[in-house]
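Worksheet: the structure to be examined is printed underneath.
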Amino acid sequence: TRIDMKKGRPGIMLTCMCMQAQKEMMLELLFQNTTTLGVREYVSQRYRLNTTSRTIETSYGTVHVKDAEGYGTKRTKPEYEDLAAIARRTNRPISEIRDEILKQDQKGRTHD
C-alpha cells in the first residue's frame, strides 16, 4: 500500500498474513528481502463455515458442489470451474447456469 513516511516521503506498507507457525520464517524473509528496520504484528482470528463437498448430476452433466453451514446460515455453491466449462460449451452466462443448477439441486434434494 502506498503511504506517506516522515517529512512527506513516499513509502510502501507491506501487509503479510501467515499462520502463527510461519511467523519466524516470514520475519526472516521480510528482514532479508526489504530495507525495513521493524515489523508490526497484529494477531487476527478467522472464523469459517463448516464445508462439505459433493457431486450432483444435472442436465449439463456432473457438477461439483460445496455446501457450507454454521453461524445460522447455509449455502450451496457450484464449483466455478465446472460452471465456466458449461458456459463455454453452451455459450450461456455463468450466472444463468449457476441459478439453473441450484434449482435442479433443490428439486433433487426435496425428492430424496
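The values are calculated or read from the model by the stated rules, or taken from the named source; none is laboratory data. Here the structure is a predicted model, which means the values were calculated and not measured. When we count neighbours, we look across all protein chains shown, and the Cβ atoms used for this are built from the backbone with ideal geometry, even at glycine. Surface accessibility is based on the protein's heavy atoms, side chains included, excluding ligands, DNA and RNA. Shrake-Rupley method; radii C 1.70, N 1.55, O 1.52, S 1.80 Å.
Below is a table of values for the structure above.
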{"read-out": "Percentage relative contact order, region 22-86, counting C-alpha pairs under 8 Å, at least six apart", "value": "20"}
{"read-out": "Burial ranking of peptide ranges 82-88, 71-77, 39-45 (average Cβ count within 10 Å, highest at the top)", "value": "82-88, 71-77, 39-45"}
{"read-out": "Percent accessible area from carbon and sulfur atoms, the chain, protein chains only, probe 1.4 Å", "value": "52"}
{"read-out": "Relative counts (whole %) of C-alpha pair distances in the chain, using bins that are 5 Å wide", "value": "2, 9, 14, 13, 9, 8, 7, 10, 11, 9, 5, 2, 1, 0"}
{"read-out": "Two-site label geometry, residue 107 and residue 62: point separation in nm, points 7 Å out along Cα→Cβ", "value": "2.2"}
{"read-out": "Computed over the chain: relative contact order in percent, which uses C-alpha pairs under 8 Å that are six or more apart", "value": "12"}
{"read-out": "Calculated on alpha-carbon atoms, Rg and Dmax of region 20-61 in Å", "value": "20.4, 59"}
{"read-out": "Extension gain from residue 74 to residue 32, taking 0.36 nm per residue of separation minus the Cα-Cα distance", "value": "10.7 nm"}
{"read-out": "Value of [θ]222 nm, deg cm²/dmol, for the chain, DSSP H segments ≥ 4, -39500 (n - 2.57) each, nearest 500", "value": "-11000 deg cm²/dmol"}
